[in-house]
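J.: Take a look at this one; I'll ask things after.
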Amino acid sequence: MATTLDESGLRFAFDGDAVKFDETAYYRRHFAYQPEGKGVDFIALSPGRVQMIEVKNCLGHEAENQWRIGKDNSSRAKRAPGQDETDRDSVDIEIAKKVASTIACLYGAWTKASRSDSAEELAELWKAVTDSQLPADGKQLQVILFLEGNFGCRTRPKSTIMTGLEESIRKKLSWLNCKVSVIDSEHCRRHNSGFAVAAT
């Protein structure tokens, strides 16, 4: 069953079921009060894979987000004067935190499913995330940073930036059996990512 969801001026058409994680009832009513309790934008399910997807649409706002694509906050000094960085990290740190928080929220919902109607939806997602095929590699957990924007330059193409972020995120999530990808709309047009992307 295909699902269409909007985020940051983009429309994502998924091959299977998907939810906008931070708009689920349990997240809004309970988990949002957890300190730094922020989760990924989407969780998508299709045969053979579970996807946790974070969307960063920086198209037209590359200059103000340039510091966020430096690994491990290494480019923080390059932010624009007066630019607010409160509660903001480079995207590799941010997505690693959000994946951990998402898993914690799903587990929390599963523990409360029998006592909370709002927890039921996420409790079902927890079952998908804990599918016995995942540790056996019969099914894949994919962590995806969708990074839209013209960040590349002559000396440092965007593909190099994306590869560096991918390696940094993979290292931070080495505690988890998952495949990490940093992609954009061009990648989605050329490969089967499990979803298509268009501007809204």
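Each value in this text was obtained by applying a stated rule to the coordinates, not by laboratory testing. In this text the structure is predicted, and so the values were computed from the model without any measurement. Methodologically, a virtual Cβ is constructed for each residue, glycine included, from the backbone with ideal geometry; neighbour enumeration extends over all protein chains shown.
J.: Which residue fluctuates the most in the chain, going by a Gaussian network model with Cα springs under 10 Å, if the choices are Ile169, Ile95, Ile161?
T.: Of the options given, Ile161 has the highest mean-square fluctuation.
J.: May I ask you to list, by number, the DSSP H helices of the chain whose Cα span along the axis is at least 18 Å and whose average Kyte-Doolittle hydropathy reaches -0.5 or more? Write down the numbers at each step before the final one.
T.: Working: long enough: 91-112 (31 Å, 0.54); 158-172 (21 Å, -0.79).
Helices meeting the criterion: 91-112.
J.: Follow-up. Dividing the alpha-carbon Rg of the chain by 2.2 N^0.38 Å yields what?
T.: Working: Rg = 16.9 Å, N = 200, 2.2 N^0.38 = 16.5 Å.
So the chain has a normalised radius of gyration of 1.03.
J.: If you take every DSSP beta bridge fully contained in the chain, what fraction is antiparallel? Give it as a percent rounded to 5. Can you show the working numbers first?
T.: Details: 19 of 33 bridges.
In the chain, DSSP labels about 60 percent of beta bridges as antiparallel.
J.: How far is it, in nm, from the label point at Gln34 to the one at Gln142 when both lie 7 Å from their Cα along the line to the Cβ?
T.: Once both label points are built, they end up 2.5 nm from each other.
J.: Which of the aspartates and glutamates could a cross-linker span from Lys172 if the Cα-Cα distance has to be under 13 Å and same-chain partners fewer than 8 positions apart are dropped?
T.: Leaving aside aspartates and glutamates fewer than 8 places away in the same chain, those within reach of Lys172 are Asp72, Asp92, Glu94.
J.: Specify the residue with the greatest mean-square fluctuation among Ser114, Ser90, Ser168, computed from a Gaussian network of the chain linking alpha-carbon atoms under 10 Å apart.
T.: Greatest mean-square fluctuation among the candidates belongs to Ser114.
J.: Would you mind calculating the gained length between Ala199 and Ser75 on full extension (0.36 nm times residue separation, minus the Cα-Cα distance), in nm to one decimal? Intermediate results must be reported in sequence, preceding the final value.
T.: Details: separation 124, 0.36 × 124 = 44.64 nm, distance 2.88 nm.
Computed gain between Ala199 and Ser75 is 41.8 nm.
J.: Which of the pairs Lys56/Lys112; Lys38/Lys171; Lys71/Lys127; Lys20/Lys158 have their Cα atoms more than 24 Å apart in this structure? Numbers along the way, then the final one.
T.: Working: Lys56/Lys112 31 Å; Lys38/Lys171 20 Å; Lys71/Lys127 33 Å; Lys20/Lys158 27 Å.
Over 24 Å apart, Cα to Cα: Lys56/Lys112; Lys71/Lys127; Lys20/Lys158.
J.: Rg/Rh for the range 144-200 to two decimals, with Rh computed the Kirkwood way over all alpha-carbon pairs.
T.: Details: Rg = 12.5 Å, Rh = 12.5 Å.
Across the range 144-200, the Cα-based Rg/Rh ratio is 1.00.
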